[in-house]
Each structure stands twice: as C-alpha cells, then as structure tokens.
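First the structure, in the form of structure tokens, and then the observations on it.
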Amino acid sequence: MLSKEMESALNDQLNKEMFSAYLYLSMAAYFEDKNLPGMASWMRLQSDEEYLHATKFYDFIVKARGRVKLKGIDEPKFEWDSPRQAFEEAFAHEQFITKSINEIADLAVKNNDHATNTFLQWFVDEQLEEEATVENIVESFKLIADQPAGLFMLDRELAQRNSSSSE
Ligand code: OFO
C-alpha cells in the first residue's frame, strides 16, 4: 500500500508526464506550421511516448492500491523563436523531468518503499536515453548553424524516427 506522501508524488509525476505529452504536441503543431514535417512527426511520436509514461504511473498507482488523482494540465507554450529553440527547450524540459524522477526515487528510498523504487528505475534509465537523444539533436542544430540546407536535411533525418525506436 502506498503512503499518502508517495501517492501524491506519483500523481504529481503522472501530471508532469501528461504535461510533457501536451508540450511536445504543441511543438509538433509548431513544426507543422513551419513546414517541417519530419520534426513534427518526431515530436508527435515523443508526445505519444509521454502519454505512455503517464499511463505507466497510472497503472502503478492502481496496482499499488493507491488512488489516481488527475489534475489540470498547464497550457503549453504555443510559439518558439526557431526550431532550434524548441529542441533546446525540450532538452531543458527533459532535465527537469529527470530531476523530478530522481526526487521521487529519493523519497521512495527514504520511505523504504522498495516496490516504488523498483518501478522508478525504468524511468531513471529512460531519462538517460531521453536526455541523450534530445541533446544530440540540439548538437546537430549547432552544427548546421541556421543554414536552410542543413535544416532540410535534419528534418529528413528526424522523419526516420518510428514509434518503436524507444518506448
Ligand atoms: Fe516522460 O520522459 Fe520525457 O518528459
């Protein structure tokens, strides 16, 4: 059985994952508007992944006999100065999510809640991967330095992502 403190932290994280899905869907719409279909598709898949992350929290809370409490999702940003800025913000957001996951894992350790701590280890690994993936894209943006041909190539490259590339 989850402690009330743990239940609340897991529900908060569920909300953050839903916000991530919303944020990346908003970025996908931004890229659609900029005629960058590869980046739009990449972000759309990222949004789908975040929804899956949220439902992993949902399923765990139910399994651990806690109570899921859904909260309002903040309105995501609508406009970015450039495609590069959107990916830089996605990277910063992933760093924020990593910090949040680590804090819940710390809480689980402090409370001797081994089941929650074990559940969270999947997310600890996933965050390593997510940060590395988005950071690589940010590095590619730096290399192309706003050249249209480079942007076109990067868009084509990001279009290659498929839903099975990561969970
Ligand atoms: Fe759920 O990993 Fe990104 O936010």
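The values are calculated or read from the model by the stated rules, or taken from the named source; none is laboratory data. Small disclaimer: the values here were computed from a predicted structure and weren't measured. Positions of Cβ are generated from backbone atoms using ideal geometry, with glycine treated the same way; all protein chains shown enter the neighbour counts. Calculation scope for accessible area: heavy atoms of the full protein, side chains included, ligands and nucleic acids excluded. Shrake-Rupley method; radii C 1.70, N 1.55, O 1.52, S 1.80 Å.
To the nearest 0.05, how large is the calculated FRET efficiency for residue 114 and residue 59 if R₀ is 22 Å and r is the Cβ-Cβ distance?
0.75
Using the Kirkwood radius over C-alpha pairs as Rh, can you work out the diffusion coefficient of the stretch 96-147 via Stokes-Einstein at 20 °C, viscosity 1.002 mPa s, in µm² per second?
Values: Rh = 12.5 Å.
It diffuses with D of about 171 µm²/s by this estimate.
From the convex hull of the Cα coordinates of the stretch 6-49, what is the mean projected area in square nanometres?
Quarter of the Cα hull surface area: 2.6 nm².
Using every pair of alpha-carbon atoms in the stretch 40-80, split the distances into 5 Å bins beginning at 0 and state the percent of pairs per bin, rounded to integers.
In whole percents, the pair-distance histogram is 6, 18, 17, 23, 16, 10, 7, 2, 0.
Nearest 20 debye, what's the magnitude of the dipole of the stretch 1-87 about its Cα centre given +1 on Lys and Arg Cβ and -1 on Asp and Glu Cβ?
380
I need the peptides 125-135, 12-22 ranked by packing, meaning the mean over residues of other C-beta atoms within 10 angstrom, with the highest value on top.
Highest to lowest by the protection proxy: 12-22, 125-135.
Can you tell me the length gained on complete extension of the stretch residue 103 to residue 35, counting 0.36 nm per residue apart and subtracting the Cα distance?
20.6 nm
Using alpha carbons only, how many angstrom separate the centre of the stretch 73-89 from the centre of the stretch 25-61?
First find each Cα centre; the distance between them is then 13 Å.
In whole Å, what is the distance between the alpha-carbon centres of the stretch 103-165 and the stretch 7-21?
Between the Cα centre of the stretch 103-165 and that of the stretch 7-21, the gap is 17 Å.
Hey, what's the chain come to in accessible area per residue, 1.4 Å probe, Å²?
56
For residue 80, enumerate residues with amide H under 5 Å from its amide H, sequence gap 5+ or separate chain, H modeled in the peptide plane.
none
Angle check, please: helix 83-110 long axis (alpha carbons) against the longest principal axis of the chain (alpha carbons), in degrees 0 to 90, nearest 10.
Approximately 10 degrees, to the nearest ten.
Write down, largest first, the equivalent ellipsoid semi-axes of the stretch 53-151 in whole Å, where each equals the square root of 5 times an eigenvalue of the alpha-carbon gyration tensor.
Semi-axes from the Cα gyration tensor: 34, 16, 10 Å.
To the nearest whole percent, what portion of all C-alpha pairs in the stretch 1-128 is separated by more than 24 angstrom? The partial results should precede the final answer.
Values: 2568 of 8128 pairs.
Percent of Cα pairs beyond 24 Å in the stretch 1-128: 32.
How much of the accessible area of the stretch 21-115, probe 1.4 Å, is carbon plus sulfur, in whole percent?
Ligands and nucleic acids excluded, carbon and sulfur reach 53 percent.
Roughly what angle does helix 114-144 make with the longest principal axis of the chain, taking Cα atoms, 0 to 90 degrees, to the nearest 10?
10
Which value, in Å² rounded to 10, gives the accessible area of residue 144 with a 1.4 Å probe and all protein chains present?
Accessible area of residue 144: about 30 Å².
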